[in-house]
Amino acid sequence: MTGPRPELENWNELRSTARTIDERLDGRLGIVVCDVGSDRAIESDPDSDPLVAIRSRNRFGAASVVKLPILYALYRTYDGRLEALERRHPIAPENRVGGAGLFHLLSDPTPTVEDLATAMIAVSDNAATNELIDHLGFDAIDEGAADLGLEGTHLGRKMMQTPAVDPSLSDLETDRASPIESNGHRYVNWVTPQDCAALLSDIHRERTLSSAAYERLARPLAHQHDGSMVPRYLPPNAEIRHKTGSLPSVAADAGLLTVGERTVAYAICCDGLERRGDGVDAIAELGEGVYRILERRAEM
């Protein structure tokens, strides 16, 4: 997916571009863009009217985007006693899995609970994520998602906890629900673009937690280190808080993008990919489209 990118002027053109990309993509594309700064803002209402929506309620392989409901569950659990997040919390040996992050490379890290949350989002640290899953428990994460009405979101296993990575495990030990499949690929952690937008809308509008909890929760989202997707073609000073996800067959990016006085929640998910890079490129192109439309409208 190379060559000149179209200059998009409105949401209808972005929707048309997304459909064209979807047709040529070897896999599935889902996108939702919602205004969270006006009366049209998406909340937990499933009938809210998004600016752009394609397969917005379909379940997609989540990759690391599933770390967003873990982040929310952490601050939901600690709301009212946020100082406890500063306690030291060592990472158990069994949680030091590879993949993204740094903690698995350090011999004896003793991060705080909030350090784990920062690493989980900013550098997508899998060891930090697994430690937080153990610390919170699957039930608390499920309850947090349920409180926000995220019916298409599911954390089925910890990061890198598959029979392929650890032959001592079986599917029954790692899967907490029936997997979804896309183009021959199987996923046990899944989200919908709509659910991602609802969670991000809650963060922006501070609906369910205290302002202090949201202020701390949002910090790592503003320091996401993966700039390969939506931020790729944006100005360096673009105001974006987001989380990316990546597997060999998955590319996803969900976040809050602000231009001027307007903020949108977006989620762009691709799964069932034979070439992950095609999904990454598609998300970068669509992310630029969202930004340019917001920029054009801010100048009017």
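Please treat every number below as a calculation from the coordinates, not as lab data. A quick note: this is a predicted structure, and the numbers were derived from the prediction, not measured. Cβ sites come from the backbone with ideal geometry, for glycine too, and all protein chains shown count toward neighbours.
List of remarks:
- Under the Karplus curve 6.51 cos²θ - 1.76 cosθ + 1.60, θ = phi - 60°, whole-Hz ³J(HN,Hα) for segment 194-210, x wherever Gly or Pro sits: 4, 5, 4, 5, 5, 5, 5, 4, 4, 4, 5, 8, 6, 8, 10, 10, 6
- With helices as the sole contributors, the chain gives -11000 deg cm²/dmol at 222 nm; each DSSP H run of n ≥ 4 counts as -39500 (n - 2.57), and the sum is divided by every residue.
- Integer Hz, Karplus 6.51/-1.76/1.60 couplings in order for segment 269-278, x for Gly and Pro: 10, 10, 9, x, 7, 8, 10, 4, x, 5
- Full extension of the segment from R81 to D134, taken as 0.36 nm per residue of separation minus the current Cα-Cα distance, would add 17.1 nm.
- With the highest mean first, a sort of the peptides 221-228, 79-86 on other beta-carbon atoms found within 10 angstrom per residue produces 221-228, 79-86.
- Using the Cβ-Cβ distance between S210 and E299 with R0 set to 35 Å, the FRET efficiency works out to roughly 0.45.
- Charged neighbours of E114, selected by a Cβ distance under 11 Å, balance to +1 (K, R count +1; D, E count -1).
- Shape of segment 194-233, Cα gyration tensor, a/c cut at 1.5: oblate
- Highest average packing first - 20-28, 51-59, Cβ atoms within 10 Å: 51-59, 20-28
- Peptides 64-76, 6-18 ordered by average Cβ neighbours within 10 Å, highest first: 64-76, 6-18
- Each residue, E143 and R232, gets one label point 7 Å from its Cα in the Cβ direction; the gap between the two is 4.1 nm.
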